[in-house]
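Working notes, structure below.
The values are calculated or read from the model by the stated rules, or taken from the named source; none is laboratory data. As the structure is a computational prediction, the values presented were derived from the model and not from experiment. Here the Cβ positions follow ideal geometry from the backbone for every residue, glycine too, while neighbour counts run over all protein chains shown.
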Amino acid sequence: MAQFLFLCLTKTNFYKFLVMCGIVAYVGQQDALPIIIKGLKRLEYRGYDSAGVALLDQRGLSIYKKKGKVAELEKFLEETGDIHANVGIGHTRWATHGEPNDVNAHPHYSSSERFAMIHNGIIENYEVLKKDLLQKGYTFQSETDTEVFVKFIEDIYQHNGCSLEEALRLALHKVVGAYAIVLINLEEPNTLIAARKGSPLVIGVGEKEYFFASDATPIIEYTNKVVYLDDYEIAVVRNGELQIKTIENVETNPYINQLEMELEAIEKGGYEHFMLKEIFEQPKSIADCLRGRLDAKSGRLVLGGLREYMNKFQNAERIIITACGTSWHAGLVAEYLFEEFARIPVEVEYASEFRYRNPVINEKDFVIAISQSGETADTLAAIELAKSRGATIFGVCNVVGSSIPRTTHAGSYTHAGPEIGVASTKAFTAQISVLAMMALKLGYQRGTLPESTYIQLLHELAAIPAKVEKALQTNALVEKIAAEYKDARNMLYLGRGYNFPVALEGALKLKEISYIHAEGYPAAEMKHGPIALIDEEMPVIFIATQDSSYEKVVSNIQEVKARKGKIVAVVTEGDTQVKALADHVIEVPLTHEAFTPLLSVVPLQLFSYHIAVMRGCNVDQPRNLAKSVTVE
Ligand code: M6R
């Protein structure tokens, strides 16, 4: 799908409570366990502190759970013996409350052990429900809301003498919070029941077999037909048939989407880590992002998602960009782009701050929400807030069918392909590519960007994939430099103008995967405080490419040199001035300064990658982090 254009679907306001986890389930003719384990490994980016499965075979319904990564669970299952079942559910957890241990891991049994459930989300009123169930004599093994949830369903089931499906439906009217759940029932061996509100759930449709997962990656290997379950829907697969109903009991027609994702896109393809693979994929991911949208020769620039909203965009009094982490850095780059080319004032907001400070926002504002995963809780909540104040919301997302594209008025996908390493790399450059196209289009339409400049910029943007390819050739040099700085305790990243967000991004990359403290600053701000940190122990990474602030940055480099700081500089090919001052320089090709971040960030990604590898860190799954931050 080239663009997304979705209407507001959700009424939820619970994003602040979402919990990160990955769920997988299978029902069909195949052996469920290997499918579930493989799927959980693919979803480990969503959480990796404990994992578990529930399998239903002739012997009954059994749960196996283990603290640690999915590999621990796999080992435990191998030691347990030969397990074969055609139906099962699995879960990988990222704990928010209730420590990561075997007991708190999912799945959870109901009291009679007739049902088991996996859950991604959080039930806000679980304490009230639990109190009630305790009074009725229920007992609890874990500290989780999920155990309360499944026992609450069973209580309704027993009390009403109804089907499990009906008990779930009634329960969903009483629970407050967010969930993607799958239930397995001892008494119905060919059945799985699932529901969703606020947390993602995709159903893979095969030949008389069905897959449930938090995203499509566990499914793609078996089928490319998927149904995205909507909020307030219940899906039942029984004897090879899928039925979807709303929680008001109204049957809906499942809409089958064709997945465009390729299996190889979610495998390492010979690279040691996903992060390295994704860094090296950037020439292709940027080209994919531009493809079909930008034709420099004819001067054609089409973003289908914008078409219907172009008028609003052009006449917006203000553009508000909201995002988190790396996506927020892409938003900062966009601020420069939109203001320079389209002359509309831009505010870039951390979604987490925006949502809590009663912002002044109205129907004349055009809000752009940026997110790789499309599931970030704070960004979703910021969207809901802006929407409730009448603003138009445009999403720039990578994951097709995720929650943000489903809740915004319109948007553009970045087409970077699955990004599995927790550290965002190719998503960042694809986000900037989409935002750059939006800024050029807007500037041209508004008449603030003369045609000749517009055409020249289109050509320059079209040349970026080849230039990124060149920037990647610095890899061996960057690895050498990394070896010199791998034991540093702190680093400072400095850049100006378009390269200021790149400094922030470089510092974030280093922090999150190598656990070295790093700060990004506008280079000129150094003299207002950070300069006190400079001594011979302090590596300072400058982004000093040829642009309008080059001379100023050179002065900042001199200031650091005078204080004996170690200088690593990303410069433009052929640079001599910085070369004479810096301890190391890394060259990237020349481009228009507006597109420099697409090149200057590449050596910084490689630098943090090599340092993390040399320090023995888990590059793709850094401690305490998860790829989709669906918790406040
Ligand atoms: O999926 P999103 O782009 O909304 O995620 C936002 C941040 O959580 C994300 O960019 C995070 O900062 C990355 N780990 C950075 O590499």
>> Checking the conditions here, which among Ala427, Ala382 is in the same structural domain as Asp288 (by TED's automatic domain parsing), within 26 Å of Leu510 (Cβ to Cβ) and either surrounded by 24 or more Cβ atoms within 10 Å (Cβ to Cβ) or in contact with a helix residue (DSSP H, G or I) (Cβ under 8 Å, 6 or more places away or on another chain) (or both)?
In response: Ala427
> Among the residues of the range 24-62 satisfying the criterion of being in a strand (DSSP E or B) and among the hydroxyl-bearing types (Ser, Thr, Tyr), which is surrounded by the most Cβ atoms within 10 Å (Cβ to Cβ)?
Replying inline: Tyr26
>> Can you pull out every residue in the range 239-255 that is in a loop (DSSP other than H, G, I, E, B), at pLDDT 95 or above and under 29 Å from the mean Cα position of the chain (by Cα)?
In response: Ile247
> Within the set of pairs 6 or more residues apart or between chains, which connect a residue that is of a type in the set (Gly, Ala, Ser) inside the range 129-150 to a residue that is at pLDDT 95 or above with Cβ atoms less than 7 Å apart?
Replying inline: Ser142/His108
> Out of the range 296-348, which residues are crowded, with 16+ Cβ neighbours inside 10 Å, part of a strand (DSSP E or B) and of a type in the set (Lys, Arg)?
Replying inline: Arg318
> In the range 269-290, what residues are farther than 16 Å from Gln473 by Cα and part of a helix (DSSP H, G or I)?
Replying inline: Phe274, Met275, Ser285, Ile286, Ala287, Asp288, Cys289, Leu290
> If His273 passes every condition in (1) within 16 Å of the ligand (Cβ to nearest atom); (2) buried (at least 23 other Cβ atoms within 10 Å of the Cβ) but one, which one does it miss?
Replying inline: (2)
>> For the structure I just gave you, tell me whether Ala382 is within 14 Å of the ligand (Cβ to nearest atom), within 28 Å of Gly198 (Cβ to Cβ) and in contact (Cβ under 8 Å) with a residue 12 or more places away in the chain.
In response: yes
>> Which numbered condition in (1) of a type in the set (D, E, K, R); (2) touching a residue at least 40 places away in the same chain (Cβ under 8 Å); (3) more than 10 Å from the ligand (Cβ to nearest atom) is the only one that Glu419 fails?
In response: (3)
>> Please go through the range 471-484 and give me each residue that is part of a helix (DSSP H, G or I) and touching a helix residue (DSSP H, G or I) at 6+ places or on another chain (Cβ under 8 Å), ordered by number.
In response: Ala471, Leu472, Asn475, Val478, Glu479, Ile481, Ala482, Ala483
> Among Thr576, Thr591, Thr630, which is under 21 Å from Ile464 (Cβ atoms), in a loop (DSSP other than H, G, I, E, B) and either of a type outside the set (A, V, I, L, M, F, W, C) or at pLDDT 95 or above (or both)?
Replying inline: Thr591
> Out of Ile319, Ile256, which single residue is away from the ligand (no atom under 16 Å from the Cβ) and either more than 30 Å from Asp231 (Cβ to Cβ) or in contact with a helix residue (DSSP H, G or I) (Cβ under 7 Å, 6 or more places away or on another chain) (or both)?
Replying inline: Ile319
> Of the conditions (1) outside any loop (DSSP other than H, G, I, E, B); (2) touching a Phe, Trp or Tyr at 6+ places or on another chain (Cβ under 8 Å); (3) modelled with pLDDT of 95 or more; (4) not small (Gly, Ala, Ser), Ile219 fails just one. Which one is it?
Replying inline: (1)
> Going by the conditions given, is Ala178 surrounded by 22 or more Cβ atoms within 10 Å (Cβ to Cβ), in the same structural domain as Gln58 (by TED's automatic domain parsing), modelled with pLDDT under 95 and not in a loop (DSSP other than H, G, I, E, B)?
Replying inline: yes
>> Anything in the range 385-409 that is away from the ligand (no atom under 12 Å from the Cβ), closer than 22 Å to Leu259 by Cβ and of a type in the set (Gly, Ala, Ser)? List them, or say none.
In response: Gly401
>> Filter the range 358-379 down to the residues that are on the phi > 0 side of the Ramachandran plot and either assigned by TED's automatic domain parsing to the domain that holds Leu229 or near the ligand (Cβ under 9 Å from one of its atoms) (or both) and list them by number.
In response: Gly374
>> So, in the range 323-347, exactly how many residues are within 14 Å of the ligand (Cβ to nearest atom) and not polar (S, T, N, Q)?
In response: 10
> Quick one: would you say Ile611 is more than 30 Å from Thr453 (Cβ to Cβ), at pLDDT 95 or above, more than 16 Å from the ligand (Cβ to nearest atom) and not hydroxyl-bearing (Ser, Thr, Tyr)?
Replying inline: no
> From the list Glu233, Glu272, Glu260, Glu281, which residue is of a type in the set (Asp, Glu), more than 15 Å from Gly204 (Cα to Cα) and under 20 Å from the mean Cα position of the chain (by Cα)?
Replying inline: Glu281
>> Take the conditions at pLDDT 95 or above and charged (D, E, K, R) and apply them to Arg293. Does it pass?
In response: yes
